[in-house]
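Data first, discussion second: the structure below is written as structure tokens.
The values are calculated or read from the model by the stated rules, or taken from the named source; none is laboratory data. Keep in mind that what you see is a predicted model, and the values were worked out from it rather than measured. Cβ coordinates were reconstructed from backbone atoms using ideal geometry, including for glycine residues, and neighbour counts include every protein chain displayed.
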Amino acid sequence: MSTWLDTETKALLQQVPPEKLAPPDTGKFTLVILDRKREANWRRVAQVLMQIPGISPMKAILLSTCMLKPIVSGLSLPEALLWQFELICCDAISVFVRDEIASSPDREHYLPQLRGQLLGSPEFSSVQVTVSAIPDNETGKRFVAQFLHGREGMLYRLRGVRYTFSGDMIRKKARIMAHWADKIGATVVIADDN
């Protein structure tokens with residue numbers, strides 16, 4: 001389990017749950033990628049998918065560009081949350097639904113409707129984010145690797161001690177970053193965040 005996936009992060013991930021899900025402590029779940037934002041790097045998404053047991057590197061590469069296709073089934077709630085977290089860190093929006101829903105013929109109608117509902121939510125809109133004072137230590141490097149991977153060229157060093165970043169990202173990811181920035185001594189400012 002990722003050290004970044006604490007209780008508060010899990011709560012931020014579950015802020016907009018699909019209404020048709022079972023109570024989260026029952027059943028098995030299927031992970032589905034709904035969308036990849038412009039900032040998403042398919043290679044990074046594929047790297048995450050390769051870490052999921054049972055997904056070969058070739059399948060991960062193919063799935064990294066698929067939308068609305070079941071990625072993996074039979075996940076427990078903690079596993080589903082972990083992979084949803086890892087994907088949002090790559091700017092890929094995913095959801096997990098009960099296995100029964102993902103394997104039913106209705107999924108052809110349900111998943112596009114769910115996608116429309118979720119992508120219309122403010123949680124998945126793009127926001128301007130400024131990150132400053134990322135510590136230039138091991139924790140700061142892990143933070144950059146987890147949340148800003150692929151955007152290293154957009155990081156600026158201030159007086160050789162700390163890093164700063166400014167750019168657009170998904171509001172949900174920005175809120176998770178802000179949570180962790182607080183814990184490591186960095187600062188995240190989300191423009192127009194209520």
### Within region 77-188, helices (runs of 4 or more DSSP H) holding 1 or more residues that are in contact with an Asp or Glu (Cβ under 9 Å, 6 or more places away or on another chain) and modelled with pLDDT under 90
107-119, 138-147
### Message
Which residue is modelled with the highest pLDDT, if the candidates are limited to region 50-61 and must be surrounded by 14 or more Cβ atoms within 10 Å (Cβ to Cβ) and either of a type in the set (Phe, Trp, Tyr) or in a helix (DSSP H, G or I) (or both)?
### Response
MET50
### Message
Within region 107-120, does at least one residue satisfy the condition of being out of contact with any Cys (no Cβ under 8 Å at 6 or more places or on another chain), hydrophobic (A, V, I, L, M, F, W, C), in contact (Cβ under 8 Å) with a residue 24 or more places away in the chain and loosely packed, with under 15 Cβ neighbours inside 10 Å?
### Response
yes
